[in-house]
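All remarks here apply to the structure that follows.
The values are calculated or read from the model by the stated rules, or taken from the named source; none is laboratory data. What you see is a predicted model; the values in this text were computed from it and never measured. Here the Cβ positions follow ideal geometry from the backbone for every residue, glycine too, while neighbour counts run over all protein chains shown.
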Amino acid sequence: MIYASNSEQALAGRFLSKSGSGNEHYRTDFLGRKGDPRVKGKPQAYMLDMHADEVLPPHFHVIDQFQVFFRGSGTLGRNSDVVHPVGIHYADHHTGYGPITAGREGFSYFTLRPETDPGAVYLHKEGYRDKLEPSRKRHHLVHTRINAEPAVSHGGVAAESLIAKSANDDAGIIVLRMGADGRTRAPDPSASGGQYYLVLSGSLIHEDKAYPPLSVIFVDTSEPSFEVQAGEQGLEALVMEFPNWDGQASKPTGVR
């Protein structure tokens, strides 16, 4: 199945939320909604707008995830240059990371998961070890840029691999840069744990609808290779592939 969320529609539902650590910030749900039983087993994508100097303590989740830091300033653990201007962080399930600390400009980022997560497990709270499960505990943090003008000619396609998907059980990140009206086939999702597409600039055309910057599309493993089509202004998009945990001993709880 393909799940698509237009950023203009999603951002209209932005709301003030309180995290499990007690911090207040703005949240926008793109796919799924925490606490909604109807989204069990379905992808989860949301955006947080952290307030200036806000801190989210170290924690882990029971589902693999990508995070895309794209606005403001801040730190992720010991990494001081997270945005740069776009930073992409991957963490395996049951793998601690953080703290996430917003700078004076605030800090905005996406969290993208193949399935809805029940919530963060904070490492400073008693009993967190009881919730740990086997994991390879992999982290990746990579960066890319957003071009002010189309990076390739009309109809052209260029792909930059930020993390090569070297095996079925590894994550992968590609930046697609396409000229106006360009088309290309993305990697086969069946060898992954699902794929996210995040529009950075221009627009992505899906089912005759234009998805502007910050729109999100998730392609699950049952789909054929996704056809990526750029709009009239071209397209820059992140393609993020989750590991395929089929047959792996460290498969996260609840993952298909």
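Does the range 113-123 contain at least one residue that is surrounded by fewer than 17 Cβ atoms within 10 Å (Cβ to Cβ), at negative phi, in contact with a strand residue (DSSP E or B) (Cβ under 8 Å, 6 or more places away or on another chain) and of a type outside the set (Phe, Trp, Tyr)? Yes, the conditions are met somewhere in the range 113-123. Against the criterion of being farther than 19 Å from THR116 by Cα and either modelled with pLDDT under 95 or in a loop (DSSP other than H, G, I, E, B) (or both), GLY35 does not qualify.
Within the range 74-110, being within 18 Å of VAL55 (Cα to Cα) and either in a loop (DSSP other than H, G, I, E, B) or in contact with a Lys or Arg (Cβ under 6 Å, 6 or more places away or on another chain) (or both) holds for GLY77, ARG78, SER80, ASP81, VAL82, VAL83, GLY96, GLY98, PRO99, SER108. If I filter the range 153-185 down to residues being among the small types (Gly, Ala, Ser) and crowded, with 19+ Cβ neighbours inside 10 Å, which single residue comes out as farthest from SER225 (Cα to Cα)? It comes out as GLY179. Being crowded, with 21+ Cβ neighbours inside 10 Å, over 25 Å from GLU133 (Cα atoms) and not acidic (Asp, Glu) narrows it down to one of THR28, THR101, so name that one. Checking each option against the conditions leaves just THR28. Taken together, GLY72, GLY22, GLY32 contain a single residue that is among the small types (Gly, Ala, Ser) and in contact (Cβ under 8 Å) with a residue 40 or more places away in the chain, which is GLY32.
In the range 167-196, the residues that are more than 20 Å from TRP245 (Cβ to Cβ) form Cβ pairs under 6 Å with partners that are of a type in the set (A, V, I, L, M, F, W, C) and in a loop (DSSP other than H, G, I, E, B), at six or more places apart or across chains, as follows: ARG177/ALA151; ARG177/VAL152; GLY179/VAL152; ALA186/PHE226.
Condition check for GLY98 on (1) modelled with pLDDT under 95; (2) at negative phi: one failure, at (2).
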